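Each remark here refers to the structure printed beneath this line.
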Amino acid sequence: MYEGIHHVSLLVKDIEKSKHFYGEILGFQESEDRPDFDFPGAWYQVGSTQIHLLVHNEGKTLRGTRTIDSRDGHFAIRVRNIEKFVERMEEYKVEILNKPTNQTGWHQVFVSDPDGNLIEFNH
């Protein structure tokens with residue numbers, strides 16, 4: 001019945017700062033398919049899933065912190081080469097929580113975007 005997750009929407013405050021993080025630092029490909037909504041945002045294609053960034057100042061899902069807590073709400077992206085990902089984060093001086101060994105059996109790296117949205121990258 002289900003085919004997979006189509007997209008994840010994240011609230012952001014500053015779309016240009018967020019586009020720099022998702023596009024330049026993480027290297028996600030921005031989609032040209034986003035309609036001309038009456039609010040700022042951006043869509044990124046990550047494999048078969050999209051990430052939608054939305055500026056919505058009245059939204060309630062901003063965490064209010066950039067502290068990286070792996071038990072807080074997050075989504076995960078599988079990467080082909082976790083070591084290369086860690087090197088890229090170090091190159092851009094992005095704070096990470098690196099968990100190469102844990103009970104999951106896969107290497108996890110957590111990052112926070114400029115607005116505190118948590119993302120796990122794993123391999």
Review point. Any idea which of (1) more than 20 Å from Thr61 (Cα to Cα); (2) at pLDDT 95 or above; (3) assigned to a loop (DSSP other than H, G, I, E, B) is the one Gly23 doesn't satisfy?
Key: (3)
Point to revise | Residue satisfying condition, being outside any strand (DSSP E or B), closer than 22 Å to Val109 by Cα and at pLDDT below 95, within set Gly64, Gly59 | key: Gly64
Check your understanding: Any chance region 49-65 includes a residue that's over 16 Å from Leu11 (Cβ atoms) and surrounded by 14 or more Cβ atoms within 10 Å (Cβ to Cβ)?
Key -> yes
Practice item. Name the one entry in Leu118, Leu97 that is in contact (Cβ under 8 Å) with a residue 24 or more places away in the chain and either under 18 Å from Leu10 (Cβ atoms) or β-branched (Val, Ile, Thr) (or both). Key: Leu118
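The values are calculated or read from the model by the stated rules, or taken from the named source; none is laboratory data. For clarity, every value in this text was computed on a predicted model and none was experimentally measured. In this analysis, Cβ positions are derived from the backbone assuming ideal geometry, glycine residues included, and neighbour counts consider all displayed protein chains.
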